[in-house]
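The values are calculated or read from the model by the stated rules, or taken from the named source; none is laboratory data. Note that this is a predicted model, so its numbers are computed, not measured. Positions of Cβ are backbone-derived with ideal geometry, glycine not excepted, and every protein chain shown enters the neighbour counts.
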Amino acid sequence: MNLFIILLTLPLYAKINSKLLLEKSFPRDNTYCSVNGKKIELLIRGEAKFTELKDNGYGELIFYKSHKKKPKLLINDHFRSETYKLFHGNNVICSKSHAFYLDENTLTLLLLKEDRPFKDKLALQLFDKETLTPKAFIQTEFTADKAKKIENGFAFRTYKEAYKRDAGKIEIKEETYIYHQKEFPTWMNYTSKGVKISFDLTYESFPWKNYFKDPEDFKVSTGWNPIENKFTHEVIYFAINHSSQKSCLLILEKIQKLEGKEAWRCQTI
């Protein structure tokens with residue numbers, strides 16, 4: 001599958017007055033991380049003193065501070081076109097944010113880049129595991145709302161967003177249902193070898209898993225292609241009839257006009 005990842009060069013030691021920017025900016029959020037007795041703090045700050053509620057936690061300035069040293073600037077978007085926030089989550093490495101080891105040399109701290117009106121995109125700040133000095137900063141084109149540890153990396157949940165989701169009423173087996181188009185949740189494995197869809201995690205965490213007999217049934221319905229590592233059927237429709245207490249699920253290869261004669265999977269709520 002095509003990966004949309006942008007690797008950015010760190011401006012850590014660029015000729016920027018970090019102290020001045022720190023003094024003129026305002027706190028948005030921070031996290032403390034500790035590895036092998038070494039501690040660092042990552043600070044997200046913004047140039048505006050006051051923000052709207054929806055902007056809480058987002059900032060265009062990201063600073064890095066190691067023990068007894070002055071904060072240094074990692075990210076500076078002075079046009080304020082891109083803002084970031086911590087990818088919050090329980091973790092033994094960092095106090096507030098998700099952080100995972102990619103390999104024996106690399107620690108990655110997870111951030112989210114604002115992409116309104118759409119979902120936030122995953123961003124990564126890499127550190128040397130032994131020294132906790134900053135390495136690359138990576139922006140991806142994947143949305144992300146959950147993350148968990150896996151061997152040699154981490155997994156995150158992403159969505160291929162449906163920008164104009166369909167909704168309406170439909171007759172299924174002579175009963176009227178209200179239906180909505182849903183987003184397809186996919187779990188991705190992120191390791192030093194790259195990004196790859198995890199079929200097992202996607203199936204185990206699928207919100208409508210109980211509509212399938214087993215993993216093989218799920219593979220057929222979602223058009224899983226192990227060679228190309230992708231699902232070819234990702235259009236989801238969910239319908240519900242409150243009177244009869246029934247709900248139905250339909251997965252298609254592409255958006256089409258619904259007639260009610262499709263292969264809906266129905267069950268009692």
Can you tell me which of Ile236, Ile240 is hydrophobic (A, V, I, L, M, F, W, C) and surrounded by fewer than 19 Cβ atoms within 10 Å (Cβ to Cβ)? Ile240
Does Gly168 meet the test of being in contact with a strand residue (DSSP E or B) (Cβ under 7 Å, 6 or more places away or on another chain) and crowded, with 16+ Cβ neighbours inside 10 Å? no
Is it the case that Arg165 is in contact with a Leu (Cβ under 6 Å, 6 or more places away or on another chain) and of a type in the set (Lys, Arg)? no
Could you please find all residues in segment 243-262 being surrounded by 12 or more Cβ atoms within 10 Å (Cβ to Cβ) and hydroxyl-bearing (Ser, Thr, Tyr)? Ser244, Ser247
For Lys146: the one exception among (1) at pLDDT below 95; (2) of a type outside the set (Phe, Trp, Tyr); (3) in contact with a strand residue (DSSP E or B) (Cβ under 8 Å, 6 or more places away or on another chain): (1)
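To keep it simple, each residue is scored yes or no on (1) loosely packed, with under 15 Cβ neighbours inside 10 Å; (2) modelled with pLDDT of 90 or more; (3) more than 17 Å from Phe137 (Cα to Cα).
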residue: Ile16; (1), (2), (3): yes, no, yes
residue: Arg28; (1), (2), (3): no, yes, yes
residue: Val35; (1), (2), (3): no, yes, yes
residue: Ile40; (1), (2), (3): no, yes, no
residue: Gly59; (1), (2), (3): no, yes, no
Per the list (1) assigned by TED's automatic domain parsing to the domain that holds Glu82; (2) at pLDDT 95 or above, residue check on Thr158 breaks on (1)
Among the numbered criteria (1) modelled with pLDDT under 95; (2) buried (at least 17 other Cβ atoms within 10 Å of the Cβ), which one does Leu53 miss? (2)
Please go through segment 222-269 and give me each residue that is within 17 Å of His180 (Cα to Cα), under 29 Å from the mean Cα position of the chain (by Cα) and of a type in the set (Gly, Ala, Ser), ordered by number. Ala239, Ser247
Determine, yes or no, whether Asp217 is modelled with pLDDT under 95, of a type outside the set (Val, Ile, Thr) and surrounded by fewer than 19 Cβ atoms within 10 Å (Cβ to Cβ). no
Could we say that Glu23 is at pLDDT below 95, touching a strand residue (DSSP E or B) at 6+ places or on another chain (Cβ under 8 Å) and not hydrophobic (A, V, I, L, M, F, W, C) here? no
From the list Phe137, Phe118, Phe87, Phe100, which residue is surrounded by 21 or more Cβ atoms within 10 Å (Cβ to Cβ), farther than 23 Å from Pro27 by Cβ and out of contact with any Pro (no Cβ under 6 Å at 6 or more places or on another chain)? Phe100
Can you tell me how many residues within segment 201-221 are in contact (Cβ under 8 Å) with a residue 12 or more places away in the chain and either closer than 23 Å to Thr140 by Cα or within 21 Å of the chain's Cα centre (by Cα) (or both)? 7
